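J.: Quick one: this structure, given as structure tokens, is what I'll be asking you about.
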Amino acid sequence: MSATQSAPPKTPQRGGDDDQPLLELEDVVKHYHSTGEVVRAVDGVSFSLCSGEMLALHGPSGSGKTTLLFLAAGLMRPEGGTLRFRGRDLATMPERELSAYLRGQVGFIHQHTHLMGNVSALENACLYLILGGLSLRQAKAAVIPWLERVGLGDRLSHTPEQLSGGERQRLAIARVLAKHPRLILADEPTGNLDSVRSHEIVALLHSIARERSAGVLLVTHDLEAAGAADRRMVLRDGRLLEAGDQEQARALIAGGPDGHRRP
């Protein structure tokens, strides 16, 4: 199938509490300028993400996936286009409101865990809740069910140094989910996990989206684990392409012509 240009499709609402998309990008642009060259990291990207939906984003290294997550989190501003969360344009939002959005609405699962050394898994998981105003006792009560849900119920007193790479990744995921974000941005959350755990974590993120009417934007190289996602897209050379299934996504990542290019 040859690439054809089309407008972003209207995505049906999935369990949200209003009629507007949770996250909506229209012709978003972010370029980097270095030594006279322009790197088009995000080059006119448009899509929407609804409450209760998980969207998997694939692409080769350096294709702009992490930049797109940073834009959605409000950690950087686009050079063009509009980027709205529940109808509010992040590009024009004052810094104070943008910080409140990041703290209160966004859960960012980073590729690197950023855990505190020589601190128990339980206390590491409490960090965001304590920063949000809960006492240590309240935070512990809130995070223990999440640690159990990611398979760390018997590792509460272990420090990161005593955990495997996969266990540290799951700890970082539980720490984010415990704050109940409306928008979950996951940057390679299964990179340090075996195939079984990868499928479990992706399935967990999908179930959280449905249970809590959250939206999940999942960046991953694991095409098989991403099968739980409601939709797949491929970001290549800063442009977004829709992939119908795993094989089409693989062809697009490799530079094949299949799929539907979005403006």
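Only the coordinates and a few stated rules stand behind these numbers; no lab work does. Just so you know, these numbers come straight off a predicted model, no measurement behind them. Cβ sites come from the backbone with ideal geometry, for glycine too, and all protein chains shown count toward neighbours.
J.: Listed residues Arg155, Arg182, Arg175, Arg170; which is among the charged types (D, E, K, R), closer than 26 Å to Gly74 by Cα, in contact with a Leu (Cβ under 8 Å, 6 or more places away or on another chain) and surrounded by fewer than 23 Cβ atoms within 10 Å (Cβ to Cβ)? Before the answer, list the steps.
T.: Values: Arg155 fails: closer than 26 Å to Gly74 by Cα; Arg175 fails: surrounded by fewer than 23 Cβ atoms within 10 Å (Cβ to Cβ); Arg170 fails: surrounded by fewer than 23 Cβ atoms within 10 Å (Cβ to Cβ).
Answer to the check: Arg182.
J.: Taking interchain pairs and intrachain pairs at least six residues apart, which have beta carbon atoms under 9 angstrom, with the first residue in the stretch 145-163 and over 15 Å from Ile201 (Cα atoms) and touching a residue at least 40 places away in the same chain (Cβ under 8 Å) and the second of a type in the set (D, E, K, R) and in a helix (DSSP H, G or I)?
T.: Pro160/Glu167; Pro160/Arg168; Leu163/Arg170
J.: Which of the residues belonging to the stretch 64-122 are of a type in the set (Val, Ile, Thr), in contact (Cβ under 8 Å) with a residue 12 or more places away in the chain and assigned to a helix (DSSP H, G or I)?
T.: Thr66, Thr67
J.: Something else now. Please find, among Ser198, Ser213, the residue that is within 16 Å of Leu49 (Cα to Cα), among the polar types (S, T, N, Q) and touching a residue at least 12 places away in the same chain (Cβ under 8 Å). Outline the logic, then answer.
T.: Values: Ser198 fails: within 16 Å of Leu49 (Cα to Cα).
Answer to the selection: Ser213.
J.: Could you tell me whether Glu148 is farther than 27 Å from Asn192 by Cα and surrounded by fewer than 16 Cβ atoms within 10 Å (Cβ to Cβ)?
T.: Values: farther than 27 Å from Asn192 by Cα: no; surrounded by fewer than 16 Cβ atoms within 10 Å (Cβ to Cβ): yes.
Against the criterion (farther than 27 Å from Asn192 by Cα and surrounded by fewer than 16 Cβ atoms within 10 Å (Cβ to Cβ)), Glu148 does not qualify.
J.: Still on this model: From the set of residues in the stretch 123-145 that are more than 23 Å from the chain's Cα centre (by Cα) and part of a loop (DSSP other than H, G, I, E, B), which is surrounded by the most Cβ atoms within 10 Å (Cβ to Cβ)?
T.: That would be Leu134.
J.: Given the conditions (1) touching a helix residue (DSSP H, G or I) at 6+ places or on another chain (Cβ under 7 Å); (2) more than 28 Å from Gly44 (Cβ to Cβ); (3) charged (D, E, K, R), which single one is not true for Arg210?
T.: It is condition (1) that Arg210 fails.
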